[in-house]
Structures are given as structure tokens and as C-alpha cells.
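Right, one structure below, let's go through it.
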Amino acid sequence: MKKFYIVDGNAYIHRAYHALPPLSTSSRVQINAVFGFVKLLLKIKENFKPGYFAVCFDYPSKNFRHNLFKEYKAHRKPIDEALINQMPIAREAVEALNIKKVEIENYEADDLIASIVKKNRENKIETVIVTGDKDIMQLVFGEEVLVWNDSKEIMFGNSEVEEKFGVSPNQIIDLFSLMGDASDNVPGVKGIGEKTAVKLIKEYGNLENILSNAESIAGKTGKLIAEGRESALLSRKLIELKNDVPIGYGLESFENKSLDIEKAAAFFKKYEFKSLFEKYCGKASDNGSGKTKDGKEKEKENSAEISDKADFKSNREKAVFDIPENLEASFNYEIINSTDKLKTLVSEIEACGIFSIKTILNSPNYIKPHIVGASVSIDGKSYYIPVSHNILTAQQIDFEQFKEIFSPVLASKKIKKISSSLKFERNIYKILGIDIEGLFFDVSIASYCLNTFKSHDITSLSKEYLNFETGDDSFLGRGAKKISFADSQIEQTAVYAARIAFASFALYKIFKDGIDKLPLIPPDLFIDFHSGGVLGAKEGYNLFSDIEMPIL
């Protein structure tokens, strides 16, 4: 069945602008937001091949909500001029990619989306809304209307909405009418937070019932509801999406068309999107159908520019070292619980010259860190060093011994360190008076540089690129019964930490090649944070190694 994909244009232009470095054309036209936006649209065309496709934009002026409430979105900072200047280019991009653009005076993109969704449901057409905006969750309906948050790689249906917000999609309006929405300056009911709002909705079902039963709601909450009645009703009007906007539906006008090579090529050339031109226009490729003009299936090509690689799973062969196809089967670890074993491990690290690390603290607060243990991974094997588990009978490495034996490795500039959070590791050891140098490769930062619109946590990266589960800390328990790492069993924590260190090293192997091939950024676009001057000593700068890592 053909699906209808709708993109919230403003939401993604904003996201791309703040996520990508300020790239400009040779004539100084900043186009970073447009570049990220175009790549998202092409990604949808390629990966999902929608039957129907539309991009909705806010009309660039005040809308009917401002007439209802003058303070609507009034607290927001003025939009950067560099972003404002890219909005017309974004609209130009949509037309250049042969996608239907929808924009109507007096309405926001969300209202246009709601109106299209209503028509789609009447015509029994499944819809996927592409946005990170929580307000749009009110439109989710079974399998008919889903919301895809591409940066988090989550497809929201009924259950996902309820899991995240605590209420069903048709209660989202009631939730925000009570608790308000700070991002849009929607007032809600003063004094009512998310937990209380969810509790009230679960008990009374909807806003109308809550307001009509205000007098019977016990304590301060009932009084707040009674006093905030008008504010709640106003908030509902601001939050509820209009689904009767005259959009000129005509389903055939939304059909997902193949790229018009000439139109796309002209746009890519105009804004100097060289890599996109080469990928989509260089060989007269037809992105909409996946075929060339002669009807033959086009071969998948890997662009030399890493920014065009949406899926690194197909690039495992690019890894610096060989990675086993089945990482789960090859995962192994050893617990280092004597000074002799630790000294041997240090020798192995020194011989290898590179390792990944995951340090375990007693609590997430590293202002006063207390190291429970540390895992390192080298050459396909992980090790866990227990330091201060609260198990008196277990053999462990005393912290002072750990510090004496392991500190030289941490302090060595010649030995390269890898982690899923090097900043976290650096802060821990610095506070404990242990020098740590050779901060070489942060896999989360590398992921961000290679593909901004993804989740960059170690769990997500490991699952996506390695098909390897790092696991979580559920073995500590949940809620009031949750124990600290110090009170956990050494074996359980060892597996948890070792898997993270193991995955970090493997991800480094995959990302390293792509990082080396990142397109250079002109030196005049960045400030040297160390000297305060404009970067200019090189022809160009690698975003990861020259910009992100030095200011870690």
C-alpha cells in the first residue's frame, strides 16, 4: 500500500541549522541548514519510497494563535539572520527535488499536516509524519498515522506515545493544556506539572472531566485546577491543531515523483552541493525509481564524501582492522583482579598503543567521583578491573595500586584513547589527580560528524552498526530498589563495562576511514578556541580531528 510521507519543513531546517557547521558557498551564502534538509528529503525518497510526499512550512508571519494569545511564542529569541536567509532556499530545494510544498497564510505547518492527515484518513491512506515536534503526537492513530523522529530513529505509534508521555495520543492535547508547553509559551495551569497532569488524565479521562470535577479533587491540586480553568481552555485552543485548512488536497498532486535531473542538477550546482550532484545527477540517476534513464537498476555507489553515506553498515570493509561478522560470538573478556595481571595488561596496552576505556562510577555524579571499576578493550578482547565493589570476599585491585600501575598508561600521549565519552573519562581522572592524555577518538562525536541526524549514544550506535547489544544497567534494579554499581556483583558489572569498551573499539574501526575522508572546511569559518584567532594555517580543516576533538 502506498504511504503518504509529510515532512515538517520548519522543524528540520531549524535542526539542521543548529546541528551542522556553518558551511558556505564560495560566494559566502551560508547553506548548512539547507544541505542537511536536502539530505533528509533525499533519504526519505531513497529509503522509504513513499507513494505520496509533501513538505509543509509555517507561513512567515503571525498566525491565528497570536490573535488568541499575544504572548504565543513571544519568549523565543529572534531567529538568526543566517537561518532566516536559508528559508527561501529551503523552499527552492523542495521544488527542485520535485516534492509538493504546502504553505498557507495564517497557519503553521502543524495545521497543514493535520489537515492532510484528516483527508488521508478519509481516503484510507496511511501517513507517516516526519518531525521531532511533540505537539504532532496528537495526530497518531493506530497504524494509520505514525510519527517518525529520524534523529532518534523512533517510529511513534500509539504504544510509543503512551510510553513516552504517559497518555494516549488523543489525550496529548489535554496533557499540554494542563501542564503547558514552555517551548511555545503555552501557559497551561499554573502549578500543574507533567506527573500531576498525567495522574489527573488517567483518573478523569480528559480535560473537560477534570475541569468539571475541580471541586472534588483533593488538596491544592483541585484549587489550582479551579483557578486555572480559563488558562487551560485557552491552552487547549493553542495546542489543538486545525484540521480543516483549505489545502487543495487533490491526492494526485502529492504523488512522489522521480527527480527531474535537470532541475536537481541546476539547484545542486547553484549552491555548490558537489557531492549531491555527483551522486544524483552525475550519471543521470533517477532517485525516485532507483533506475537510470535506460531503465536499468542503478548500482549503489559510495561517495568519496562521507556526508553522503547514510548507512555505514554497507561499509564494514572500510574498517581500519578486520571486524568479525558476528561480534557477539567473538566477544570475550577477562577480570583483572591482581597487580600482576594488571601489570601484564599495561604491557599489552603499551605494545598495542591504542585502547578503548569505560570507567564505572558509584553514581552518575562525577563532581566527587568514586571509581568502582574500569574496562579496557584492545585487539578484540576486553578486560575489567574491579577496584571498589562492596564485596569483602572478592579479590580486587586497591585504588592506590590501580592508580600507581595504570596512571602511566593514562598519562602517555603516545598511547591513544578511545571512548564513547572521552570528556567523561577525562573529567573523572582529572578530578582524581590522574593525568590523562592522548584523547584520540570519541565514537559519539565521530558519529555526529559523519551523520548528524542520528542517535549517537553507544547503545544505539552499537546496535545499528555492529548488530551488537551493549546491554544496560537493569541488573542494578529499578526505582527505590535500585542498587549502586559498588553494591553490584563484579561479574555483572564486568560484562556491562566490557561490552561498552568492546563496542567502542569496534566502532572506531568502522568510523576511522569515514572521518579521514570528511570534506575539509574552509579555515575562515572557524575560530581557534585556544588562541582566539581565526583558523588559517591550513588549506582546510577536518571537522572531527581539527575542530571537535581539540575542544573536547
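Residue-normalised convex hull volume from the C-alpha trace of the range 1-94: 120 Å³ per residue. Per-residue 3J(HN,Hα) values for the range 404-417, derived from phi via the Karplus relation 6.51 cos²θ - 1.76 cosθ + 1.60 with θ = phi - 60°, read 5, 7, 8, 4, x, 5, 5, 7, 6, 6, 7, 8, 7, 10 Hz in sequence order (x marks Gly and Pro). The mean sequence distance of close C-alpha pairs (under 8 Å, at least 6 residues apart), as a share of the length of the range 399-500, puts its relative contact order at 19 percent. Phi angles across the range 126-133 convert, under the Karplus curve 6.51 cos²θ - 1.76 cosθ + 1.60 with θ = phi - 60°, into 3J(HN,Hα) values of 6, 10, 10, 9, 9, 6, x, 7 Hz, Gly and Pro given as x.
A Cβ-based charge dipole, computed about the Cα centre of the chain with Lys and Arg at +1 and Asp and Glu at -1, lands at about 400 debye.
Close amide-amide hydrogen proximity is noted between Lys416 and Ile354, Phe355, each under 5 Å apart and 5 or more residues distant or on a separate chain (H modeled in the peptide plane; Pro and chain starts excluded). Relative contact order, whole percent, for the range 85-152 stands at 23, derived from Cα pairs under 8 Å and 6 or more residues apart. Peptide packing for 247-259, 502-514 was compared via the average number of neighbouring C-beta atoms within 10 Å per residue; ordered from the highest value, the list is 502-514, 247-259. Tell me, what % of the accessible area of the chain is carbon and sulfur with a 1.4 angstrom probe? Exposed carbon and sulfur together represent 49 percent of the surface. Across the chain, the mean sequence separation of Cα contacts (distance under 8 Å, 6 or more residues apart), normalised by length, yields a relative contact order of 12 percent.
Here Lys223 sits with roughly 130 square angstrom of accessible surface, probe radius 1.4 Å.
Rounded to the nearest 20 debye, the dipole magnitude of the range 102-156 is 240 debye, with +1 charges on Lys and Arg beta carbons, -1 on Asp and Glu beta carbons, and the Cα centre as origin. Rolling a 1.4 Å probe over the heavy atoms of the protein chains gives the chain an accessible area of 47 Å² per residue.
Counting only aspartates and glutamates at least 8 places from Lys202 when in the same chain, those with an alpha carbon closer than 16 Å to its own are Glu162, Glu163, Asp174, Glu194. Max-minus-min Cα coordinates of the range 159-202 on each principal axis give 28, 20, 14 Å, with the largest extent listed first. Taking 0.36 nm per residue of separation and subtracting the Cα-Cα distance, full extension of the segment from His18 to Glu328 would add 107.9 nm. Each helix, a run of at least 4 DSSP H residues, gives -39500 (n - 2.57); summed and divided by the residues of the chain, these come to -11000 deg cm²/dmol at 222 nm. Between Ala74 and Cys352, the contour length at 0.36 nm per residue exceeds the Cα-Cα span by 94.4 nm. Taking amide H positions as modeled 1.01 Å from N, with prolines and chain starts lacking one, the residues under 5 Å from Trp148 and 5 or more places away or on another chain are Ile129, Val130, Thr131, Phe156. Accessible surface ranking for His18, His389, His370, His66, 1.4 angstrom probe, highest first: His18, His370, His66, His389. A cut-off of 5 Å between modelled amide H atoms, ignoring neighbours fewer than 5 places along the same chain, links Thr359 with Ser375.
Once Lys and Arg get +1 and Asp and Glu get -1 on their Cβ, which of Ile515, Phe69, Tyr465 lies farthest toward the positive end of the dipole of the chain? Projecting each Cα onto the dipole axis, the largest value belongs to Phe69.
Averaging 1/r over every pair of different alpha carbons in the chain and inverting the result gives a Kirkwood radius of 26.6 Å. Rg and Dmax of the range 374-499, based on Cα coordinates, read 16.0, 48 Å. Just want the answer: with Cβ charges of +1 for Lys and Arg and -1 for Asp and Glu, which residue in Phe406, Val443, Ile428 is farthest toward the dipole's positive end in the range 358-446? Going by the charge dipole, the pick is Val443. A simple rule links phi to the HN-Hα coupling: the Karplus curve 6.51 cos²θ - 1.76 cosθ + 1.60 with θ = phi - 60°, which for the range 381-394 gives 9, 10, 9, 10, 10, x, 10, 8, 6, 7, 10, 4, 8, 7 Hz, with x for Gly and Pro. Each principal axis of the range 116-230 carries a Cα extent, and these read 45, 29, 22 Å when sorted largest first.
The values are calculated or read from the model by the stated rules, or taken from the named source; none is laboratory data. Please read these numbers as outputs of a predicted model, since none were measured by experiment. Using ideal geometry, Cβ is built from the backbone for each residue, glycine included, and neighbour counts are taken over all protein chains shown. Just the protein is used for accessible areas: all its heavy atoms, side chains included, with ligands, DNA and RNA removed. Shrake-Rupley method; radii C 1.70, N 1.55, O 1.52, S 1.80 Å.
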